[in-house]
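Peer 1: Here it is: the structure, laid out below.
The values are calculated or read from the model by the stated rules, or taken from the named source; none is laboratory data. The shown structure was predicted, so the numbers you read here are calculated from the model rather than taken from an experiment. Every residue, glycine among them, receives a Cβ derived from its backbone with ideal geometry; neighbour counts consider all protein chains shown. Areas reflect the complete protein model, heavy atoms only, side chains present, ligands, DNA and RNA absent. Shrake-Rupley method; radii C 1.70, N 1.55, O 1.52, S 1.80 Å.
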Amino acid sequence: MLKIPKHLAIIMDGNGRWAQEKGLPRIAGHYEGTKRAEEIVYACQDLGIKFLTLYTFSTENWKRPAEEVKALFELFENYLGKKITELKERNIKLRFIGRKDRIPKTTLKIMEEAEEQTKDCSSFTVILAVDYGGRDEIIRAVNKILSSGIKSVTEEEFSKFLDLAGIPDPDLLIRTAGEERISNFLLWHIAYTEFYFSPVYWPDFTKEELLKALEDFSYRKRKFGAVL
Ligand code: IPE
Ligand code: IPE
Ligand code: MG
């Protein structure tokens, strides 16, 4: 029987290589990757996953050529703008995690609109990590605590200051495109997450590939430090 994670996190990697191997510009890979993200969102909802967190743009991705960064935000903004109604109709709630002070204003506006329009949706939550870094999330939490005057916190209290407050830790994290690293994703939250690395580039990561990952996850014995 397929075990369904409550919270799935994905590092969508390999758009650039997918395009380059086809002789296409890198942005063509990002465009195709966006279509795959949509397919995976709906597949996750159909499978009964409750939370899906997608790594969309990292705090380190600003190091990329300015034209790629610009094209990425334009693509994201256009796509998101077109999808808000559909997401709402499907009862999907959208949330964003990450810094808000460096994202282009027009993009931020669409993000806020998407969050507002879908705030009462309840079947499934999609969390997009945009200008997100795990260390940055922790440091912002620490600074919020310091400025509130709190002197000491428990793990539980600390987690309330994080971007993902109120959302259970990911049960499974998938990274595509053969890299086996975290690249500053969800550092606090993955303490006991299961990892699955797929060799497939993100634009080729179809529902069938997702099912392979879930099948693999179904055989894992999660112990959380205890003896089973
Ligand atoms: C992931 O694909 C998308 C983002 C990081 C925005 P990449 O663009 O990292 O693709 P590769 O790793 O260069 O192939
Ligand atoms: C991680 O992928 C970030 C996203 C998928 C958004 P990168 O392609 O930026 O990571 P590195 O540079 O290979 O570690
Ligand atoms: Mg990459």
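Peer 1: If Lys and Arg each add +1 and Asp and Glu each add -1, what is the summed charge of the other residues whose beta carbon sits under 14 Å from the beta carbon of G98?
Peer 2: Neighbour charge sum, excluding G98 itself: -2.
Peer 1: Going by accessible area, probe 1.4 Å, with all protein chains left in place, what is the ranking of R26, R175, largest first?
Peer 2: Per-residue accessible area, sorted high to low, gives R26, R175.
Peer 1: Counting only heavy atoms of protein chains, what accessible area per residue, in Å², does region 1-142 have with a probe of 1.4 Å?
Peer 2: Normalised by residue count, the accessible surface of region 1-142 is 49 Å².
Peer 1: T53's amide H: which non-local residues (gap 5+, or another chain) put their own amide H closer than 5 Å, with H modeled 1.01 Å from N in plane and none for Pro or chain starts?
Peer 2: L8, A9, I10, I127
Peer 1: Hey, another quick one. GluC sites (Glu not before Pro), restricted to region 152-228: which are DSSP loop and have at most 11 other Cβ atoms within 10 Å?
Peer 2: Passing sites in region 152-228 are E180.
Peer 1: Would you rank S122, S159 by solvent-accessible area, highest first, keeping every protein chain in place and using a 1.4 Å probe? Spell out each step's value before the answer.
Peer 2: Details: S122 90, S159 35 Å².
Largest to smallest exposure gives the sequence S122, S159.
Peer 1: Read phi for every residue in region 7-19 and hand back ³J(HN,Hα) as whole Hz from Karplus 6.51 cos²θ - 1.76 cosθ + 1.60, θ = phi - 60°, with x for Gly and Pro.
Peer 2: Whole-Hz 3J(HN,Hα) from phi for region 7-19: 10, 10, 10, 9, 9, 7, 10, x, 4, x, 5, 4, 5.
Peer 1: If you don't mind, another one. Using only alpha carbon pairs under 8 Å that are at least six residues apart, calculate the relative contact order of the chain and give it in whole percent.
Peer 2: Relative contact order comes out at 30 percent.
Peer 1: Which percent of the Cα-Cα distances in region 34-99 go past 19 Å?
Peer 2: 39 percent
Peer 1: Also: State the answer as a single residue: which of Y192, Q45, S159 lies farthest towards the positive end of the charge dipole of the chain, with beta carbon charges of +1 for Lys and Arg and -1 for Asp and Glu, about the Cα centre.
Peer 2: Toward the positive end, the furthest listed residue is S159.
Peer 1: Kindly write out, for region 58-63 in residue order, the coupling ³J(HN,Hα) from the Karplus curve 6.51 cos²θ - 1.76 cosθ + 1.60 (θ = phi - 60°), rounded to whole Hz, with x marking Gly and Pro.
Peer 2: After applying 6.51 cos²θ - 1.76 cosθ + 1.60, I find 8, 5, 8, 5, 5, 6 Hz.
Peer 1: Going through region 1-69, which GluC sites (Glu not before Pro) have at most 14 other Cβ atoms within 10 Å and a DSSP loop state?
Peer 2: E21, E60
Peer 1: List the chymotrypsin sites (Phe, Trp or Tyr not before Pro) in region 134-226 that DSSP assigns to loop (not H, G, I, E or B) and whose Cβ has at most 12 other Cβ atoms within 10 Å. Which are they?
Peer 2: Y192, Y219, F224
Peer 1: Once ligands and nucleic acids are excluded and a 1.4 Å probe is used, how much of F76 is accessible, expressed in Å² to the nearest 10?
Peer 2: Near enough 30 Å² of accessible area.
Peer 1: How big is region 7-218 along each principal axis, measuring the range of its Cα positions in Å and listing the largest first?
Peer 2: 55, 41, 35
Peer 1: What 222 nm value per residue comes from the helices of the chain, counting each DSSP H run with n ≥ 4 as -39,500 (n - 2.57) and dividing by all residues, nearest 500 deg cm²/dmol? Could you put the intermediate results ahead of the total?
Peer 2: Values: 7 runs with 97 residues, N = 228.
Helix-only estimate at 222 nm: -13500 deg cm²/dmol.
Peer 1: Expressed as a whole percentage, what fraction of the accessible surface of region 127-201 belongs to carbon and sulfur atoms when a 1.4 Å probe is rolled over the protein heavy atoms?
Peer 2: Details: 2030 of 3700 Å².
Heavy-atom surface of region 127-201 belonging to carbon and sulfur, 1.4 Å probe: 55 percent.
Peer 1: What is the gain in length, in nm to one decimal, between A191 and E179 on full extension, counting 0.36 nm per residue of separation less the C-alpha to C-alpha distance?
Peer 2: 2.4 nm
Peer 1: Moving to a separate point now. Could you work out how far the C-alpha centroid of region 3-63 sits from that of region 151-177, in angstrom?
Peer 2: 21 Å
Peer 1: Related question: Taking θ as phi - 60°, what are the ³J(HN,Hα) couplings along region 120-127 by the Karplus curve (6.51, -1.76, 1.60), each to the nearest whole Hz, with x for Gly and Pro?
Peer 2: Per residue, the Karplus-derived 3J(HN,Hα) values read 9, 6, 9, 7, 6, 10, 10, 10 Hz.
Peer 1: Which of the helices in the chain, when you take each full DSSP H run, stretch at least 30 Å along the axis at their Cα atoms and have an average Kyte-Doolittle score of -0.5 or higher?
Peer 2: The qualifying helices are 66-89.
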